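Q: Next up is a structure, given as structure tokens.
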Amino acid sequence: MRFNELRRLLGDITQKMLTQTLKTLERDGLVSRTVYPTVPPRVEYALTELGIDVGKLTDAVGEWAVVHAPEIIAARGLYDQRASQPPVPMTMT
């Protein structure tokens, strides 16, 4: 995909953040970057085999999160409820 295609697909991401993330992913071997000698230069990004492999793991984590979303939401509610209560003073015995 080209840079602007990725940016549109991802929605609310700054150009700076996308550039930094793509550089990091390329450095880690998860994304390849191909520059075509055209005017203006055309750059495309693609997942490497390593990137495809890690994508399987992130898909599994995403599926887990969907299955357990009600439990996560309930835990957040309990946490927020406890956090909103004033601290209980300790008593000396």
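Q: Checking the condition of a type in the set (A, V, I, L, M, F, W, C) and out of contact with any strand residue (DSSP E or B) (no Cβ under 7 Å at 6 or more places or on another chain), which residue from Val66, Val31 passes? Quick ask: steps written out before the conclusion?
A: Numbers: Val31 fails: out of contact with any strand residue (DSSP E or B) (no Cβ under 7 Å at 6 or more places or on another chain).
None of the others qualify; the one that does is Val66.
Q: Conditions: (1) more than 15 Å from Met1 (Cα to Cα); (2) out of contact with any Gly (no Cβ under 9 Å at 6 or more places or on another chain); (3) not in a helix (DSSP H, G or I). Ala46 meets all but one. Number of the miss?
A: Here Ala46 meets the rest and fails (1).
Q: Same structure again: Determine whether the stretch 15-34 contains at least one residue that is modelled with pLDDT under 95 and under 16 Å from the mean Cα position of the chain (by Cα).
A: Just the residues of the stretch 15-34 that are modelled with pLDDT under 95, to begin with: 15.
In the following step, the residues that additionally are under 16 Å from the mean Cα position of the chain (by Cα) were identified as 15.
Yes, the stretch 15-34 contains a residue that is modelled with pLDDT under 95 and under 16 Å from the mean Cα position of the chain (by Cα).
Q: Taking Asp28 and the conditions (1) closer than 22 Å to Arg2 by Cβ; (2) open to solvent by less than 70 Å² (accessible area, probe 1.4 Å), which numbered condition does it fall short on, given that it satisfies the others?
A: For Asp28, the failing item is (2).
Here is a yes/no grid of residues against (1) open to solvent by less than 60 Å² (accessible area, probe 1.4 Å); (2) of a type in the set (Lys, Arg); (3) part of a helix (DSSP H, G or I):
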{"residue": "Gly55", "(1), (2), (3)": "yes, no, yes"}
{"residue": "Asp59", "(1), (2), (3)": "no, no, yes"}
{"residue": "Pro70", "(1), (2), (3)": "no, no, yes"}
{"residue": "Pro89", "(1), (2), (3)": "no, no, no"}
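Q: Give the residues of the stretch 72-85 that are open to solvent by less than 100 Å² (accessible area, probe 1.4 Å) and part of a loop (DSSP other than H, G, I, E, B), sorted by residue number.
A: Scanning the stretch 72-85 gives a single hit, Ser84.
The values are calculated or read from the model by the stated rules, or taken from the named source; none is laboratory data. On a predicted model such as this, the values are computed, not experimentally measured, just so you know. As a convention, Cβ positions derive from the backbone with ideal geometry for all residues, glycine included, and neighbour counts pool all protein chains shown. Surface areas here come from the heavy atoms of the whole protein model, side chains and all, with no ligands, DNA or RNA. Shrake-Rupley method; radii C 1.70, N 1.55, O 1.52, S 1.80 Å.
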